[in-house]
Amino acid sequence: MQTSQGNGRDAWATRAGFVLAAVGSAVGLGNMWRFSYVAAEGGGAAFVLLYLGFVAFIGMPIMTSELVVGRMTQVSPVQAVKQLGGPAWGPLGVLFAFCGFGILSYYSVIAGWTMRYSLDALRGAIPADPTGAANYFGSVGTGMPAIITHVLFMVLTILIVVRGIKKGLERAAVILMPLLFFILVGLALWATTLSGGGAGYAYYLKPQFGELFDPTIITDAAGQAFFSLSLGMGAIMTYASYLKTKTNLAKETVTIAVSDFGVAFIAGLFVFPIIFHFGIEDAIGLGGAIADNTVGTLFIAIPPALLSLPIGQWIVAAFFVMLFFAALTSAISLLEVVVTAVIDSWGWERRKAAMVFGAGILLAGIPSAFNLNFLDFADKLVGNLFLILGGLLISILVGYRARDRADAELAQGLPNANLRQAWAGFVRYVAPPVLLVVFFFTIPKVWTVFKTLVGMN
Ligand code: PHE
C-alpha cells in the first residue's frame, strides 16, 4: 500500500488518505473545545458569522497557498519558505516550528482531559449535576491528574509520529473521521428535543448586528479560523509536501474547509441548547464576565446533559473517545511539523527527532497543566497571534514573492485561469491588509491575558 518518493520521504498511498489526514488535522479540539468557548466569549452568533467569513475569504485562499507550497517544494515548511523566498524567509520556517511546538504543549493537556473523561465516564465517576460537573472539571483539569493524562497523550502522539505519517494515521483517519461526524449529527438532532434550548439556538444563531464591528469578536473569529483550519504554521503545508499526485488543490481546500466548518457548526448546535437547557450560562461565563473556567465550557456542559439520558454514561464515553481521536490526529500534525523540520534541516532520524522534541513539548506543557490562565495565555499568543502572523507572511510569500511559480503549480489540476486569478486576488489584496489589521488588534488581547496571568489585573 505504501509508496515512497525517490528522495526517501513519505508519500500518501491514496488521495483519500491525504484528504482525510488533512481533515483529521483540521478537525480536532479546535472545533469543539475551542469553538464553543470562544463563541461563548464572543457573544455567539455574531462571532459565528464573522468566523464563517474568515474561513471563506481568508482561510480558504491561505489553505490553497499552503497546499501549493507544500506540493511544489516537496520539502519541510522550514526549507520550503527558504526555497521560495530566499534566505531572508528562514525565520518564517522557524516560526512555524515554534507554533507546532507551542500549540501542542497545551493542546496535549486538553486532549489529556478527553482521555480522563472517557475513562471516568465508563467508570460512572462523572457527576451528573451541573455544579458537581463543574467541580469535577476543577479537580481533574489542573494539577497532577492533568499532568498524568498530558504525559500519556504526548507519549501516544510521539509513538505514532515515530512510525511515520501513513502507517496507522492514514488508515485510522479513514474510519474515525466519518464516525465522529455521525455521532455529532446524532447529538445535534437530540438537542432539538431539549426544553429551553430555544434560547441557546437564538444565542448561537441570531446575531446582534452591533457586535459584528466589535474588534475583539473580529479578532477572535480570525484567530479561531486559523486555529481550526490548522493554518499559518505549516501543518497543511507539511501534509501537502507528501503529495505527489497533481489533483485540484482548490477542490481539496473546499473539502477540508467545509468539513472543518461543518463539524464546528454542528457542535455548536448541541453545545448551546445544552447550556441553556441546564441553565449553566454562569458556570461557563456566558453571563458576561469571563469566568475562570471558560476554557472548560465543553467539559462542564457536556456530561450533565448527556448523563440525563438512559444510557448517558455510554454516550458521554463515546463522545469523549471520539474527541480524543480527533485531538490525536491533530496533535500528530502539530508534532509532524516540528519533526520534518528537524529531519530536513539537521538530518536527524525521525525516531530521534520525534522523541527529543516530543519530550521537550511534554515539559513545555506542564505550566498549562498547572494553571488554566497559562494555558489561555499560550493559546492566545501562539494559537492565535502567531498563526495570524504566519498567515500574513504566507500570503505575502505566495502572493508576491513566488507568485508565478505558485500559479504554475496550482494550474496543475486547476486549468481554469479565472478561478486561479480569483484565488490570487484574495491572496494578494485581501489577506495581507486584513491580516495586518487583525494582527495589531490581537496584540492587546494577548496582553490582557498576560496581565491576568501575572496578576496585574
Ligand atoms: N486544527 C486543529 C484543531 O482544530 C488544531 C491545529 C492547529 C492543528 C494548527 C494543527 C495546526 O483542533
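The values are calculated or read from the model by the stated rules, or taken from the named source; none is laboratory data. Everything quoted here is computed from the prediction, not taken from an experiment. With ideal geometry, Cβ positions are generated from the backbone for all residues, glycine too; neighbour counts draw on all protein chains shown. Accessible surface is based on the protein model in full, side chains and every heavy atom, while ligands, DNA and RNA are left aside. Shrake-Rupley method; radii C 1.70, N 1.55, O 1.52, S 1.80 Å.
Assorted remarks:
- Counting only helices (runs of 4 or more DSSP H) that sit completely within the stretch 1-99, those holding 3 or more residues that are away from the ligand (no atom under 16 Å from the Cβ) correspond to 15-26, 45-54, 60-73, 77-85.
- Among residues of the stretch 360-417, those that are without any contact (Cβ under 8 Å) to a residue 40 or more places away in the chain, over 21 Å from Gly232 (Cβ atoms) and open to solvent by 40 Å² or more (accessible area, probe 1.4 Å), counted: 8
- Search result, residues across the stretch 218-239 that are hydrophobic (A, V, I, L, M, F, W, C), open to solvent by less than 10 Å² (accessible area, probe 1.4 Å) and part of a helix (DSSP H, G or I): Ala221, Ala222, Ala225, Phe226, Ala235, Ile236, Met237
- Asp344 falls short on exactly one of the conditions (1) open to solvent by 50 Å² or more (accessible area, probe 1.4 Å); (2) within 19 Å of the chain's Cα centre (by Cα), and that condition is (2).
- Looking across the stretch 355-387, the residues that are closer than 18 Å to Thr340 by Cβ and within 16 Å of the ligand (Cβ to nearest atom) come down to Phe357, Gly358, Ile361.
- Residue within the stretch 330-339 that is of a type in the set (S, T, N, Q), under 18 Å from the mean Cα position of the chain (by Cα) and assigned to a helix (DSSP H, G or I) present: yes
- Unique residue being buried (at least 19 other Cβ atoms within 10 Å of the Cβ) and either part of a helix (DSSP H, G or I) or within 16 Å of the ligand (Cβ to nearest atom) (or both) when the list is Thr131, Thr157: Thr157
- Count - residues of the stretch 320-336 that are over 13 Å from Leu156 (Cα atoms), more than 8 Å from the ligand (Cβ to nearest atom) and not acidic (Asp, Glu): 4
- All positions within the stretch 87-121 that are free of Cβ contacts under 8 Å to residues at least 24 places away in the same chain and farther than 25 Å from Asn31 by Cα: Pro87, Ala88, Gly90, Pro91, Val94
- Among residues that are open to solvent by 10 Å² or more (accessible area, probe 1.4 Å), more than 13 Å from Tyr51 (Cα to Cα) and either more than 9 Å from the ligand (Cβ to nearest atom) or part of a helix (DSSP H, G or I) (or both), Thr247 is included.
- Residue tally, condition of a type in the set (A, V, I, L, M) and open to solvent by 20 Å² or more (accessible area, probe 1.4 Å), over the stretch 183-194: 4
- Counting only residues that are more than 26 Å from His277 (Cα to Cα) and away from the ligand (no atom under 16 Å from the Cβ), the stretch 217-229 holds 2 of them.
- Of all the listed residues (Val69, Val38), the sole one being closer than 21 Å to Val338 by Cβ and open to solvent by less than 30 Å² (accessible area, probe 1.4 Å) is Val69.
- Flag for Thr73 being under 30 Å from Leu307 (Cα atoms) and of a type in the set (S, T, N, Q): no
- Residue-level check: of (1) within 19 Å of the chain's Cα centre (by Cα); (2) farther than 20 Å from Ala11 by Cα; (3) more than 11 Å from the ligand (Cβ to nearest atom), Ala240 misses just (2).
- Residue within the stretch 195-216 that is within 16 Å of the ligand (Cβ to nearest atom), over 25 Å from Ala341 (Cβ atoms) and buried (at least 17 other Cβ atoms within 10 Å of the Cβ) present: no
- Residue-level check: of (1) under 27 Å from Leu152 (Cα atoms); (2) open to solvent by 10 Å² or more (accessible area, probe 1.4 Å); (3) aromatic (Phe, Trp, Tyr), Tyr107 misses just (2).
Okay, residues lined up against (1) buried (at least 19 other Cβ atoms within 10 Å of the Cβ); (2) over 18 Å from Ser118 (Cα atoms); (3) modelled with pLDDT of 95 or more:
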position	(1), (2), (3)
Leu309	no, no, no
Gly312	no, no, no
Val316	yes, no, no
Val321	yes, no, no
Ala326	yes, no, no
Thr329	yes, no, no
Val337	yes, yes, yes
